[in-house]
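Scroll down for the structure; my scribbles are underneath it.
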């Protein structure tokens, strides 16, 4: 096989491939063997008819066509590997010549990863929010813990923020009921803003058994975007009574004997959470800096494919109801054109990030071990509330196991890049990135020892 590569643009190439017929003998033999099982020729058992008789029955052209269907994809893959082409997406293949007995030729145009010159990462300096644990933050965690052990008690007064209510809703437009905006026995925490816009405000002051109504714009269903009058009936009102924050509560809600010990533990947890947030902010800012400063062309075909995929996912979630999508966008003050523009911007950013991280991963020869892949699979399974083996089977069947591998590899690439930059917080303090990312074994062991000592 002979192949040559033409650079059509920084992001697209044409591969020209010629394959001599002498190399195709195993492929012809495989096709003859397959046809021999299908074609019945008198005097020969299935699979035993000679090639010439099979060819005379089905035609030489049909044999060559079947060989091409088998050969072209494999020879294309060989050419990509031999010429070290960083192909992206599916190729446009055209068979350009068939000289029976001599050779076949085809071309394949495909998007490729452009040449990307990576910067000196040591020259990158990013600023992230400083980490501070306030008494207010600890109080907030303590209140959340008390709420978990609280009890709901019915009250005979008007509703206030924080109350828990059971309500019935009935929406109408011009006196006509809207079934999809009607519900009975809904549980709701007043002030949470988790149901219909405007509901929390009109509930204030209403007692159990009372009614009220308000006008709001529907955001879903066939009448999305239209103003509806929503009648509300309050079935019950309950207030959450919290246990006293004392040593007894600390013993009930934790492994600690005193409230002070519990507060210290909550303070440590808040600090760890904020450090995790700081690490996430650092990764995001480093990647954003690279996307803004490293210039290269992004393959338009790949961007369009990703854009179409994002739009498809949204439409699919609405049972492929384009009219429903248009109503939702209108209710949000947007339009289909704006939605598609934003989808393309998001796709461009995502593809550019992938190309950058893949380039770095190739330069540093980053690989992904089986344990790392399994860990990511378990994480995705938990997030999707699906059994790990079921998810693995789905990925294998859909051919997306390679996508998961690529995502893990890019995550590793970004983690390595982050370790190469300089970072300070908003207080002007230099950040020990290895420590922040948990890559400092000595400090990790010290922290573990301190934790064990405190527990004793």
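Descriptive notes on the structure:
- Residue count for the range 297-309 satisfying the condition of being within 15 Å of the chain's Cα centre (by Cα) and surrounded by fewer than 17 Cβ atoms within 10 Å (Cβ to Cβ): 1.
- Restricting attention to the range 310-323, the residues that are part of a loop (DSSP other than H, G, I, E, B), under 22 Å from the mean Cα position of the chain (by Cα) and surrounded by 12 or more Cβ atoms within 10 Å (Cβ to Cβ) total 1.
- For residue 264, the stated conditions do not hold, so it cannot be described as without any contact (Cβ under 8 Å) to a residue 40 or more places away in the chain, outside the structural domain of residue 174 (by TED's automatic domain parsing), under 39 Å from the mean Cα position of the chain (by Cα) and not in a helix (DSSP H, G or I).
- Filter pass, residue 250 being closer than 17 Å to residue 143 by Cβ, touching a helix residue (DSSP H, G or I) at 6+ places or on another chain (Cβ under 7 Å), without any contact (Cβ under 8 Å) to a residue 60 or more places away in the chain and not assigned by TED's automatic domain parsing to the domain that holds residue 332: yes
- Among (1) out of contact with any strand residue (DSSP E or B) (no Cβ under 6 Å at 6 or more places or on another chain); (2) surrounded by 15 or more Cβ atoms within 10 Å (Cβ to Cβ); (3) farther than 21 Å from residue 303 by Cα, the one test that residue 394 misses: (2)
- Any hit, the range 166-187, residues being under 30 Å from residue 254 (Cα atoms), surrounded by 14 or more Cβ atoms within 10 Å (Cβ to Cβ) and either in contact (Cβ under 8 Å) with a residue 24 or more places away in the chain or over 35 Å from the mean Cα position of the chain (by Cα) (or both): no
- Out of 256, 249, sole residue that is surrounded by 15 or more Cβ atoms within 10 Å (Cβ to Cβ) and assigned to a loop (DSSP other than H, G, I, E, B): 256
- Every residue from the range 282-309 that is in a loop (DSSP other than H, G, I, E, B) and touching a residue at least 12 places away in the same chain (Cβ under 8 Å): 294, 296, 297, 298, 299
- Scanning the range 323-351 for residues that are in contact with a helix residue (DSSP H, G or I) (Cβ under 8 Å, 6 or more places away or on another chain) and over 16 Å from residue 291 (Cβ atoms) turns up 325, 326, 329, 335, 336, 338, 339, 340, 343.
- Inclusion of residue 37 among residues that are assigned to a helix (DSSP H, G or I) and modelled with pLDDT under 85 is warranted.
- Only a single criterion out of (1) under 29 Å from residue 325 (Cβ atoms); (2) out of contact with any helix residue (DSSP H, G or I) (no Cβ under 9 Å at 6 or more places or on another chain); (3) crowded, with 18+ Cβ neighbours inside 10 Å is not satisfied by residue 206, namely (1).
- With respect to the stated conditions, residue 135 fails to be within 30 Å of residue 424 (Cα to Cα), in contact with a helix residue (DSSP H, G or I) (Cβ under 7 Å, 6 or more places away or on another chain) and surrounded by fewer than 17 Cβ atoms within 10 Å (Cβ to Cβ).
- Criterion: under 30 Å from residue 218 (Cβ atoms) and touching a residue at least 12 places away in the same chain (Cβ under 8 Å) - qualifying residue of 100, 161, 129: 161
- The residue list 371, 358, 326 contains one member that is out of contact with any strand residue (DSSP E or B) (no Cβ under 9 Å at 6 or more places or on another chain), within 24 Å of residue 225 (Cβ to Cβ) and either crowded, with 16+ Cβ neighbours inside 10 Å or free of Cβ contacts under 8 Å to residues at least 40 places away in the same chain (or both), which is 326.
- Any chance residue 347 is without any contact (Cβ under 8 Å) to a residue 60 or more places away in the chain and either in the same structural domain as residue 225 (by TED's automatic domain parsing) or within 30 Å of residue 115 (Cβ to Cβ) (or both): yes
- Flag if residue 88 is at pLDDT 95 or above and either surrounded by fewer than 16 Cβ atoms within 10 Å (Cβ to Cβ) or touching a helix residue (DSSP H, G or I) at 6+ places or on another chain (Cβ under 8 Å) (or both): no
The values are calculated or read from the model by the stated rules, or taken from the named source; none is laboratory data. Please read these numbers as outputs of a predicted model, since none were measured by experiment. Counting neighbours? That spans all protein chains shown, and the Cβs are built from the backbone with ideal geometry, glycine included.
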